[in-house]
Each structure stands twice: as C-alpha cells, then as structure tokens.
C-alpha cells in the first residue's frame, strides 16, 4: 500500500482521508482482512477495535465501480502507522491496488 506524503501546514497534524478501491479489493478480500485485523472475530465495530489509535471514521461497501473503503484518520502519522499493520495482510490476501491519501477540505461529525 503506497501512500504519498501529505504536506502538513505550519507543523500542525491534520486529518487525512484514505480511499482504497480497485479490481483486487473485493468484498470477500475485505472480509478476510477484517477477520485478520480483528483476531478472528470478523468484526470491527468501533474505532477502538482498530489495531492502532487515530481512526475517526471507516466506511466500506460496494460502489458502482467496485468495492471501496473510505477512512478518515486524525493525522497522516496515524494512517501510516495503520498502513504498516495492514500492508502484510493486503499482500497475503492478494490486494495490490494502491490507496489514495489526501487532506479533507471539510470533515463534519457528530
């Protein structure tokens, strides 16, 4: 999973959006990735279930162009820390599509 660096303005950590999609990221492979990340339970129901801190939002589902995962992380550093955990799992299950990382223009939550 190649994630290009994000410019951090004035040394302040800012949220980042990660989108992962492509022909090798299928729902079946996503379910297997979640099973491995969750220690076999197959469920990640809260941001606290993630293997690293910093996840603000996670959505995964079938789009008109294929399966898509969208994450919002509190910082690029947190996202990269997760990428280090995720990369070997992606390789093992056969996901080769590259993620896209960018700073949000706006992020609203409850």
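Every number here is computed from the coordinates shown, using simple stated rules; none is lab data. The model shown is predicted, which means the values in this text are computed figures rather than measured ones.
Could you work out how much longer the chain between residue 59 and residue 47 gets when fully extended? Use 0.36 nm per residue separation minus the Cα distance between them, nm to one decimal. All intermediate terms of the calculation are to be shown ahead of the outcome.
On the way: separation 12, 0.36 × 12 = 4.32 nm, distance 1.12 nm.
Extending this stretch completely gives an extra 3.2 nm.
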### Query
Per the helix-only calculation at 222 nm, which mean residue ellipticity applies to the chain, given -39500 (n - 2.57) for every DSSP H run of n ≥ 4 and division by its residues, nearest 500 deg cm²/dmol?
-8500 deg cm²/dmol
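Mean projection of the alpha-carbon convex hull of the range 61-110 over all orientations, in nm²?
Values: hull surface 19.2 nm².
Averaging across all directions leaves 4.8 nm² for the Cα convex hull.
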### Message
Among (i) 14, 48, 32, 6, 0; (ii) 13, 41, 37, 9, 0; (iii) 15, 24, 16, 19, 13, 5, 4, 3, 1, only one was calculated for this model; which label is it, if the read-out is P(r) over Cα pairs in 10 Å bins from 0, in percent?
### Response
(i)
### Query
Over the range 12-102, what is the mean sequence separation of C-alpha contacts under 8 Å (at least six apart), divided by residue count, expressed as relative contact order in percent?
45
